[in-house]
Amino acid sequence: MADEVRRVDAAGWRPAVEAALAEGHTWFDWLGAVDEIGREDAIRVVVRMAPDADSEGVEGQWYLWTPAQ
């Protein structure tokens, strides 16, 4: 079974992480970013959390938009 993916806007990242914590996803696995420039004017930020190291978890994704040129 794959992780649940939750996509939120940039302003919603903190409430999304707080919700995952409240649901018991207290093990922080990793934080990364994907450069979407060229496809979209954005950088996608991804965090993965789980109840423990051996469990399925939650992957949160949000987009940081670059200013219009």
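What follows is calculated from the coordinates using simple rules that are stated; it is not laboratory data. Owing to the predicted nature of the structure, the values given are computational and were not obtained by experimental measurement.
Among the DSSP beta bridges whose two residues both lie in the chain, what percent are antiparallel, rounded to the nearest 5? Walk me through the numbers before you get to the answer.
Numbers: 16 of 22 bridges.
In the chain, approximately 75 percent of DSSP beta bridges are antiparallel ones.
Per residue, what volume in Å³ does the Cα convex hull of segment 7-46 take up?
63 Å³
Angle, helix 13-22 long axis vs. longest principal axis of the chain, Cα atoms, 0 to 90°, nearest 10?
Orientation of helix 13-22: about 10 degrees from the principal axis.
Under Stokes-Einstein, with the Kirkwood radius over Cα pairs standing in for Rh, what whole-number D in µm²/s applies to the chain at 20 °C and 1.002 mPa s?
Rounded to a whole number, D works out at 170 µm²/s.
At 222 nm, what value in deg cm²/dmol follows for the chain if DSSP H runs of at least 4 each add -39500 (n - 2.57) and the sum is divided by all its residues, to the nearest 500?
Mean residue ellipticity, 222 nm, calculated: -4500 deg cm²/dmol.
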